[in-house]
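The values are calculated or read from the model by the stated rules, or taken from the named source; none is laboratory data. On a predicted model such as this, the values are computed, not experimentally measured, just so you know. Backbone-built Cβ (ideal geometry, glycine too); neighbour counts: all protein chains shown. Calculation scope for accessible area: heavy atoms of the full protein, side chains included, ligands and nucleic acids excluded. Shrake-Rupley method; radii C 1.70, N 1.55, O 1.52, S 1.80 Å.
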Amino acid sequence: YSGSLLYPSPFGTGAISMSINSKVVGWEEVTVPAGKFKVLRIETEARSAGPGVNGQRSVKLWYVPEVGQYVRGEFGMTYGPVAGLSVYELTAYDLK
């Protein structure tokens, strides 16, 4: 998927434009605290520009259709002097 959107800036007047490119990389196996899973890896790159916000985001998700959940996620961002990476992994689940 490729696209763009425009939304109001939370830092004042004006709007922020964002371009987004997402793709399904393919099937792979991943091990997290909740176990070992066959997953679909999805990657997204986004760029934002506007009042108070200029930078990039990178999102990688590992999705398990049988669980109906992402079992791992990596969320990276770079906005001016602020940069970071947040990672989460599924620790347990229960199918009802």
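Results, tabulated for the structure shown:
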| quantity | calculated |
| --- | --- |
| Total formal charge among the other residues, if their Cβ is under 12 angstrom from that of Met18, Lys/Arg +1 and Asp/Glu -1 | +1 |
| Exposed-loop-free span, longest in the chain, where chymotrypsin sites (Phe, Trp or Tyr not before Pro) count as exposed if DSSP calls them loop and at most 16 other C-beta atoms lie within 10 Å | 12-92 |
| Cα-projected label distance for Tyr93 with Ser58, points at 7 Å along beta-carbon direction, nm | 2.5 nm |
| Per principal axis, descending, Cα span of the chain in whole Å | 46, 25, 24 |
| Anchor Lys96: lysines whose Cα lies under 23 Å away (excluding residues fewer than 8 positions away in-chain) | Lys36, Lys38 |
| Percent carbon-and-sulfur accessible area, the chain, ignoring ligands, DNA and RNA, probe 1.4 Å | 56 percent |
| Whole-number accessible area per residue in Å² for the chain, which is evaluated in the context of all protein chains at 1.4 Å | 65 Å² |
| Pairwise centroid distance, computed over Cα atoms, of segment 56-96 with segment 1-39, Å | 9 Å |
| Relative contact order %, the chain, counting alpha carbon pairs below 8 Å whose residues are six or more apart | 21 percent |
